[in-house]
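The structure under discussion appears below in the form of structure tokens.
The values are calculated or read from the model by the stated rules, or taken from the named source; none is laboratory data. Everything numeric here is computed off the predicted structure, so don't read it as measured data. In this analysis, Cβ positions are derived from the backbone assuming ideal geometry, glycine residues included, and neighbour counts consider all displayed protein chains.
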Amino acid sequence: MSHNLDDLAEKLSLLSVLDMAKLKEMLEQKWGVKAAVAVAAAPSGAAPAAAASESTEFKVTLEGPVPDDKKISVIKAVRELTGLGLKEAKDIVEGAPKELKAAAPKAEAETMRDKLQAAGAKVTLKGL
């Protein structure tokens, strides 16, 4: 990137959300266009909202309580998915709700959810 673009990016990063909105309006008037994309690319407010709508990482949580007749199969699934020992997996299942994975890619999180649900557990995925 050229030095001028680096300086411009640094200056834009220092703007408040209100100043960014005013700048957007000024540029729309000056250029005679609608600049909806310029706001979405703003680092202050719009970018986190856009990223949240298309999460690629998910927190996997085992919801509780797990029904007694499903505990053994859920414990086995937790052990398989996490690599934990029997006691640790049992403690997680009996202490649900518990986080199983803080940040898992979408495909891995969905696989974990599917295996745990097949074993009889309730699972939630929360996008990060």
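Data for the structure
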| item | result |
| --- | --- |
| Enumeration of residues in the stretch 112-126 that are among the charged types (D, E, K, R) and within 15 Å of LYS71 (Cβ to Cβ) | LYS122 |
| Matching residues, the stretch 74-94, being of a type in the set (Gly, Ala, Ser), closer than 13 Å to LEU62 by Cβ and within 24 Å of the chain's Cα centre (by Cα) | ALA77 |
| Tabulated pairs, the stretch 59-73, first touching a residue at least 60 places away in the same chain (Cβ under 8 Å), second part of a loop (DSSP other than H, G, I, E, B) and surrounded by fewer than 17 Cβ atoms within 10 Å (Cβ to Cβ), C-beta under 6 angstrom, 6+ apart or interchain | THR61/PRO97; GLU63/PRO97 |
| Matching strands (runs of 3 or more DSSP E) fully within the stretch 57-128 where at least 1 residues are out of contact with any strand residue (DSSP E or B) (no Cβ under 9 Å at 6 or more places or on another chain) | none |
| Any pair with Cβ under 8 angstrom, 6 or more apart, that starts in the stretch 104-128 at a residue that is of a type in the set (A, V, I, L, M, F, W, C) and at pLDDT below 90 and ends at one that is assigned to a strand (DSSP E or B) and surrounded by fewer than 15 Cβ atoms within 10 Å (Cβ to Cβ) | LEU128/ALA103 |
